[in-house]
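Asks: Questions regarding the structure given below will be posed in turn.
The values are calculated or read from the model by the stated rules, or taken from the named source; none is laboratory data. What you see is a predicted model; the values in this text were computed from it and never measured. Positions of Cβ are backbone-derived with ideal geometry, glycine not excepted, and every protein chain shown enters the neighbour counts. The accessibility values were calculated without ligands, DNA or RNA, using every heavy atom of the protein model including side chains. Shrake-Rupley method; radii C 1.70, N 1.55, O 1.52, S 1.80 Å.
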Amino acid sequence: MQNEEIKAAILRGDAATVAQGVSENLEAGQDPGDILNRALVPPMVEVGELYERGEVYVPEMLVAAHAMKAGMEILRPELVKAGVEPLGKIALGTVQGDIHDIGKNLVGMMLEGAGFEVIDLGIDISADNFVEAARQGVDILGMSGLLTTTIPAMPVVIEALKEAGVRDQVKIMVGGAPVTEAFKDEIGADGYAPDAASAVRVAKELLT
Ligand code: B1M
């Protein structure tokens, strides 16, 4: 299948065509890294830019991300076999006491679509679990929080990282509706993104 057809299928949220296209192209001997970079990443970049310009909204971004994920499920083992290096490794979780995960999942899907390896820690994640993820050797630790009552858990995680001696081994990105750039500065995180499209940009900046 032509890359253009896969791209168009992602943009219209047609997961079945994306999965079929990725399978066909792998069977035809196409390089897994090429499929990622030429067919799956470009439409996610495009949808992120459209979102930032206010030309599409969260639902469009979600359907595109779901379609991209259908292709990634097939491609991921082949990327590993081929030794294709991800842009970076990021562990994402919703902070303790908070079970909102729609935004976190969207951020994860957009990051995956951009070529990051994403470890989804889940929801209601304790400081100890974030510390453990940092110890596993990720580049970025991402904390999501949707409640004004739960985002105070973010500085608690940062303190726990310091106490465990791993704060300097990871970059910390924070986000979620009540989180702001000023809050990020106040708690000593490294990056803040207001939405999933800018989370990709911020994650790339944190690794340069
Ligand atoms: Co809740 N809820 N909720 N809720 N909920 C809000 C957040 C609320 C604003 C609704 C309201 O009152 N108007 C309010 C919070 C008020 C406040 O804190 N000031 C609220 C409340 C109060 C509660 C409960 C306490 C209600 C109750 O039980 N009395 C309860 C708390 C449960 C808990 O967590 N312990 C609760 C429960 C729930 C549901 C379970 C029913 C459900 C969650 C389902 C789920 O996530 N699986 C839910 C929902 C759906 C919402 C609303 C309606 C939508 C949230 C959402 O998914 N938005 C929300 C009201 C609203 O926002 N209109 C609300 C869409 C999503 C794509 O956006 O999550 O902001 P968002 O993510 C964005 C950015 O923030 C950013 O990128 C994302 C994509 O663009 N982002 C990051 C997010 N994480 C990031 C991380 C990053 C970077 C960017 O880096 C790591």
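Asks: Determine whether GLY54 is within 16 Å of the ligand (Cβ to nearest atom), open to solvent by less than 70 Å² (accessible area, probe 1.4 Å) and more than 16 Å from the chain's Cα centre (by Cα).
Replies: yes
Each row is one residue, and each column tells you yes or no for (1) assigned to a loop (DSSP other than H, G, I, E, B); (2) closer than 13 Å to ALA91 by Cα; (3) within 15 Å of the chain's Cα centre (by Cα).
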position	(1), (2), (3)
MET154	no, no, no
VAL174	no, yes, yes
ALA182	no, no, no
PRO194	yes, no, yes
VAL200	no, no, yes
ALA203	no, yes, yes
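Asks: Within the stretch 117-130, is even one residue in a helix (DSSP H, G or I), open to solvent by less than 60 Å² (accessible area, probe 1.4 Å), among the hydrophobic types (A, V, I, L, M, F, W, C) and within 11 Å of the ligand (Cβ to nearest atom)?
Replies: Scanning the stretch 117-130, I find no residue that is in a helix (DSSP H, G or I), open to solvent by less than 60 Å² (accessible area, probe 1.4 Å), among the hydrophobic types (A, V, I, L, M, F, W, C) and within 11 Å of the ligand (Cβ to nearest atom), so the answer is no.
Asks: Any residue that is farther than 13 Å from ALA196 by Cα and in a helix (DSSP H, G or I) - is there at least one of those in the stretch 81-103?
Replies: yes
Asks: A further question follows. How many residues are open to solvent by 10 Å² or more (accessible area, probe 1.4 Å) and more than 9 Å from the ligand (Cβ to nearest atom) if we restrict to the stretch 94-107?
Replies: 1
Asks: Quick one: in the stretch 157-172, which of the residues that are open to solvent by 60 Å² or more (accessible area, probe 1.4 Å) and under 17 Å from ALA91 (Cα atoms) is nearest to the ligand (Cβ to nearest atom)?
Replies: Checked the stretch 157-172; the qualifying residue nearest to the ligand (Cβ to nearest atom) is LYS171.
Asks: Among the candidates THR180, THR208, which residue alone is farther than 27 Å from PRO86 by Cα and more than 7 Å from the ligand (Cβ to nearest atom)?
Replies: Only one candidate qualifies: THR180.
Asks: Continuing with this model, one more query. Kindly check whether there is at least one residue in the stretch 79-91 that is modelled with pLDDT of 95 or more and buried (at least 20 other Cβ atoms within 10 Å of the Cβ).
Replies: yes
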